[in-house]
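See below for the structure under consideration.
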Amino acid sequence: MSRQLPIDCVNEIFKCLENDKNTLFSCLFVNRHYCKFAVRILWKNIWDIRYEYRPYVTISLISTLITCLPKKSKEFLRKKGMFINISSQKPPLFNYPSFCRIISVNTINEMIQNILVYKQLIITSGDSYYDKYLLSLLLQEILKMFMEQIPSLKSLKYFLKTKSTNCLEFIYSPEAKVCLYSLTELGFYSDIHSEFFYHLSHICQNIQSLSISFSDNGISDGLAYFISSQNNLKSLKLSSCSKNELRTIIPSLVKSSLTLTKLRIHSSDACMASFISMFMNLQKLVLISESKDFFDDFDQLQHINFPHLRTLKFPYSVPKAGPLLNFLEINGKYLNKYYVCDCYESMKLAIAKFCPNLKGLYVIISEEEDDLESLKLILKNCQFLESINASYSYKHLKSKEFYEILVNYSPKNFHKLEMNLFSLQGFEEFFINWKNRIPQRSLTLIIKNTLDNIKNKASPIIEKYHKMGVIKKFKI
């Protein structure tokens, strides 16, 4: 007689599989209990599935949600002129909406719009304007269903560009007070109707992660009020914001000056160093701009101490050398991760000198001899380094020398390499030497931005050393 694992034990096992979609999918076919565990996790963030160019995924998801709609919603839509063509579908096995903990309103809306394009599931009036109205009603009813079925929502993404208030009605349902009470992550456009912010500010006051995308239409009157109502804001992402828009919300963020630990600003305007300096407990700072003018006032930050800063990223443009090197001299010793898109020679030397505790580094490497010597110095001085994300600024990099430096000088805990691959020169020799390295840790290898012909030649080599255990994981 077979013995079953205790439910609590099975539950813990499935939690460990949360990011392994393939294994979870295979569990759907074991038995009903395993199926329910897998479905519960998969539907937690069902919008994370890639559905572009795969209409059957879109149709399946929306079909399932429509099937789960209460009778009153289906009747309401029918009276408005929407006829749903899924009468032959069996009743759902589970209450799928109740498993959701993350809602992406914009993703659901895109899926619904795609269904109209594919002319499936829904029979509408044929009038394009009225059809759009009907689809907004369908979105509204789906969102109301979520409010009724989800006991506690974790994350809500509301990046809809429509000015219609129809799709906002879900927050006024009685069940929304319970569903949204413990909301911790929220994202939206800055110009949503002010009532959205005023109403939410009375329901959820413990948002920890806030993402705001600033619209050309400006800022809603209720935005600052909503921000100031939050008691435990830890993460703030600001996209497409201008200096004037930052000034508008600064007073509302004073309350969060000590709780905020993560700040990401994406702007073509000045980075507002005075704004950043408010948050002395920052652990992660990401500054994104395609404009070099963005860092004109970075010199105001160069002598400020951020004792908790662990991650610093400049994905596109970077501050001028002088202020940035001064900033690293003070704060480099705190950093675990450093990502800089334009790593000039003095910057590499500064990393080696001021950032001894790095665990992760993104660096650009050229064919210059000094660049390889600087990399060698970084590997010698940063003894906690575990991963490097390397991009080559020239196609003719001396790849053999690069691999030799990694084998001979990388710290003992180094185990992850992400890089673009322009040549196979020294590629297999690198794995042979890594296999004989003492101590030797299996590598996680990620190949990016590489031509197909190089990929095709590299794949058999990677597979070979993966089977030998030299490569633990790989992505190409």
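The residue pairs whose first member lies in segment 25-39 and is in contact (Cβ under 8 Å) with a residue 60 or more places away in the chain, whose second member is of a type in the set (Ser, Thr, Tyr) and buried (at least 16 other Cβ atoms within 10 Å of the Cβ), and whose beta carbons are closer than 9 Å, counting only pairs six or more residues apart or on different chains, are 39/96.
When the residues of segment 68-92 are filtered to those that are assigned to a loop (DSSP other than H, G, I, E, B) and among the aliphatic types (A, V, I, L, M), which remaining residue is modelled with the highest pLDDT? Break it down stepwise before answering.
Let us first name the residues in segment 68-92 that are assigned to a loop (DSSP other than H, G, I, E, B), namely 69-70, 81-82, 85-92.
Keeping just the survivors that are among the aliphatic types (A, V, I, L, M) gives 69, 82, 86.
Working: 69: 92, 82: 76, 86: 59.
So the residue we want is 69.
Being in contact with a Lys or Arg (Cβ under 7 Å, 6 or more places away or on another chain) and outside any helix (DSSP H, G or I) is the filter; apply it to segment 322-341 and report the residue that is surrounded by the most Cβ atoms within 10 Å (Cβ to Cβ).
So the first thing to find is which residues in segment 322-341 are in contact with a Lys or Arg (Cβ under 7 Å, 6 or more places away or on another chain), and the list is 334-337, 339.
Filter once more, so that each one left must be outside any helix (DSSP H, G or I): 335-337, 339.
Numbers: 335: 23, 336: 19, 337: 17, 339: 16.
So, considering only residues that are in contact with a Lys or Arg (Cβ under 7 Å, 6 or more places away or on another chain) and outside any helix (DSSP H, G or I), the one surrounded by the most Cβ atoms within 10 Å (Cβ to Cβ) is 335.
Look through segment 454-476, keep the residues that are within 26 Å of the chain's Cα centre (by Cα) and loosely packed, with under 13 Cβ neighbours inside 10 Å, and return whichever of them is nearest to residue 414 (Cα to Cα). Among those residues, the one meeting the criterion is 473.
Would you confirm whether or not segment 209-228 contains a residue that is of a type outside the set (Lys, Arg) and over 23 Å from residue 266 (Cα atoms)? Before the answer, list the steps.
Filtering segment 209-228 for residues of a type outside the set (Lys, Arg) gives 209-228.
Checking which are over 23 Å from residue 266 (Cα atoms) leaves us with none.
So far as segment 209-228 goes, no, none of its residues is of a type outside the set (Lys, Arg) and over 23 Å from residue 266 (Cα atoms).
Any residue in segment 296-303 that is surrounded by 15 or more Cβ atoms within 10 Å (Cβ to Cβ), under 18 Å from residue 350 (Cβ atoms) and among the polar types (S, T, N, Q)? Before you say what the answer is, go through the steps one by one.
Taking segment 296-303 and keeping what is surrounded by 15 or more Cβ atoms within 10 Å (Cβ to Cβ), we get 296-302.
Imposing the further condition that a residue be under 18 Å from residue 350 (Cβ atoms) reduces the set to 298-299, 301-302.
Pick out the ones that are also among the polar types (S, T, N, Q) and you get 302.
Within segment 296-303, one or more residues are surrounded by 15 or more Cβ atoms within 10 Å (Cβ to Cβ), under 18 Å from residue 350 (Cβ atoms) and among the polar types (S, T, N, Q).
Filter segment 308-321 for residues that are aliphatic (A, V, I, L, M) and part of a loop (DSSP other than H, G, I, E, B); which is modelled with the highest pLDDT?
309
Hey, can you tell me all the residues within segment 28-69 that are out of contact with any Phe, Trp or Tyr (no Cβ under 7 Å at 6 or more places or on another chain) and hydroxyl-bearing (Ser, Thr, Tyr)? Scanning segment 28-69 gives 34, 51, 53, 56, 60, 63, 67.
Annotation note: of 399, 387, the sole residue that is touching a Leu at 6+ places or on another chain (Cβ under 9 Å), over 27 Å from residue 336 (Cβ atoms) and surrounded by 15 or more Cβ atoms within 10 Å (Cβ to Cβ) is 399.
How many residues are assigned to a loop (DSSP other than H, G, I, E, B) and within 30 Å of residue 357 (Cα to Cα) when one looks only at segment 412-428? Matching residues across segment 412-428 total 6.
Scanning segment 282-307 for residues that are over 22 Å from the mean Cα position of the chain (by Cα) and part of a loop (DSSP other than H, G, I, E, B) turns up 291, 296, 297, 301, 302, 303, 304, 305, 306, 307. A Cβ distance below 7 Å, combined with a sequence gap of six or more or placement on separate chains, defines the contacts here; from segment 166-182, residues that are in contact (Cβ under 8 Å) with a residue 24 or more places away in the chain and surrounded by 20 or more Cβ atoms within 10 Å (Cβ to Cβ) reach residues that are basic (Lys, Arg) and in a helix (DSSP H, G or I) in the pairs 170/144. Scanning segment 435-453 for residues that are under 29 Å from the mean Cα position of the chain (by Cα) and of a type outside the set (Lys, Arg) yields a total of 10.
Take the residues of segment 176-200 that are small (Gly, Ala, Ser) and under 25 Å from the mean Cα position of the chain (by Cα): which is farthest from residue 152 (Cα to Cα)?
Restricting attention to segment 176-200, the residues satisfying the condition of being small (Gly, Ala, Ser) are 176, 182, 187, 190, 194.
From what is left, the residues that are under 25 Å from the mean Cα position of the chain (by Cα) are 182, 187, 190.
On the way: 182: 6, 187: 17, 190: 25 Å.
For segment 176-200, the residue satisfying everything is 190.
Evaluating residue 274 against the criteria (1) surrounded by 17 or more Cβ atoms within 10 Å (Cβ to Cβ); (2) out of contact with any strand residue (DSSP E or B) (no Cβ under 8 Å at 6 or more places or on another chain) leaves one unmet condition, (1). Reported count of residues in segment 195-222, each being touching a strand residue (DSSP E or B) at 6+ places or on another chain (Cβ under 6 Å) and outside any loop (DSSP other than H, G, I, E, B), is 6. If you take the residues in segment 404-437 that are of a type in the set (Ser, Thr, Tyr) and at pLDDT 90 or above, which one is surrounded by the most Cβ atoms within 10 Å (Cβ to Cβ)? Of everything passing the filter in segment 404-437, 410 is surrounded by the most Cβ atoms within 10 Å (Cβ to Cβ). Quick test of your reading of the structure: residue 356 fulfils all but one of (1) outside any loop (DSSP other than H, G, I, E, B); (2) surrounded by fewer than 17 Cβ atoms within 10 Å (Cβ to Cβ); (3) not charged (D, E, K, R). Name the failing condition by number. The failed condition is (1). Testing residue 469 on (1) of a type in the set (Gly, Ala, Ser); (2) closer than 16 Å to residue 419 by Cα; (3) part of a loop (DSSP other than H, G, I, E, B), one condition comes back false. Which one is that? Every condition holds for residue 469 apart from (2). Scanning segment 152-174 for residues that are of a type outside the set (Phe, Trp, Tyr), at pLDDT below 95 and not in a helix (DSSP H, G or I) gives 160, 161, 162, 163, 164, 165, 173, 174.
In segment 248-271, which residues are in contact with a Phe, Trp or Tyr (Cβ under 8 Å, 6 or more places away or on another chain), within 17 Å of residue 218 (Cα to Cα) and either at pLDDT 90 or above or surrounded by fewer than 18 Cβ atoms within 10 Å (Cβ to Cβ) (or both)? Once the filter is applied, which keeps residues that are in contact with a Phe, Trp or Tyr (Cβ under 8 Å, 6 or more places away or on another chain), within 17 Å of residue 218 (Cα to Cα) and either at pLDDT 90 or above or surrounded by fewer than 18 Cβ atoms within 10 Å (Cβ to Cβ) (or both), segment 248-271 yields 250, 252, 268.
The values are calculated or read from the model by the stated rules, or taken from the named source; none is laboratory data. If you're wondering where the values come from, they're calculated on a predicted model, not measured in any experiment. Cβ sites come from the backbone with ideal geometry, for glycine too, and all protein chains shown count toward neighbours.
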